[in-house]
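First the structure, in the form of structure tokens, and then the observations on it.
Each reported figure results from applying straightforward, stated rules to the coordinates on display, with no laboratory input. All values reported here derive from a predicted model rather than from experimental measurement.
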Amino acid sequence: LINAGDIAISAGASATVHGPAGTADAIAFVSNAIQQTASAQSGLASANFDNSGTITIGAHAFASGVATAPFAGSMAVNATAYAVASYAIDQTASAGSGDVALDLSNSGTIDIAATATAAARIGDGGTAAGTAFASVFMQAPVYQYGYAPGGDIDINAVNDGTIDIAGVAAATGANGIA
């Protein structure tokens with residue numbers, strides 16, 4: 001894979017509940033956004049990833065619970081947001097009786113992000129209410145793996161550019177959990 005331009009891959013989820021009770025759930029999931037897999041029974045299994053451009057990979061979830069009239073008794077307006085970005089760039093190779101060579105080179109910009117925002121409140125700009133839960137999970141955002149039981153494995157990663165990996169969760173409510 002050779003990239004000298006712009007690649008943008010994203011998953012977005014948004015959920016809103018308006019009323020005296022309810023729950024808004026938003027889940028955004030990105031996995032193996034860019035995946036290279038090479039295999040060989042014998043001989044060389046190789047994969048090359050060269051980025052001199054811009055790659056943006058993201059999972060973004062937003063959930064909002066807004067309590068509206070009639071306000072009677074205890075209101076149960078909740079918001080839950082989950083964002084997952086795993087194995088965003090995934091490079092693997094296997095060779096039965098040969099060798100494996102993986103090369104990852106970045107002289108550009110790679111941004112991998114997962115953001116989750118949850119808000120539970122009374123009215124459109126009002127007081128915090130209910131439970132807001134926001135969670136982010138990232139596993140091996142840039143992953144390389146080689147398997148060669150009968151040969152050699154050569155895995156290289158060179159970064160002469162910028163790699164930015166971020167996970168951010170924010171929750172606002174009477175009970176905010178992030």
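In terms of its Cα atoms, the range 6-50 spans 65, 27, 6 Å along the principal axes, sorted from long to short. Taking amide H atoms as placed 1.01 Å from N in the peptide plane, the amide H of S105 lies under 5 Å from those of F49, D50, N51, V158, each 5 or more residues away in sequence or on another chain. Running Debye on the range 83-171 with equal point scatterers at the Cα sites and no solvent, what base-10 log of I(q)/I(0) appears at q = 0.15, 0.19, 0.22, 0.23 Å⁻¹? Reported log10 I(q)/I(0), two decimals: -0.72, -0.90, -1.02, -1.06.
For the range 155-166, 3J(HN,Hα) computed residue by residue from phi via the Karplus equation (6.51, -1.76, 1.60; θ = phi - 60°) reads 10, 10, 9, 10, 10, 10, x, 10, 10, 10, 10, 9 Hz, glycine and proline entered as x. Residues whose amide H lies under 5 Å from that of G12, counting only those 5 or more places away or on a different chain, are H60; hydrogens are built 1.01 Å from N in the peptide plane. Convex hull volume of the Cα atoms of the range 1-81, normalised per residue: 90 Å³. Sequence-distant or interchain residues sharing an amide H contact under 5 Å with I27, placed H: which? Correct list: Y82. Per residue, the convex hull spanned by the alpha carbons of the chain comes to 110 Å³.
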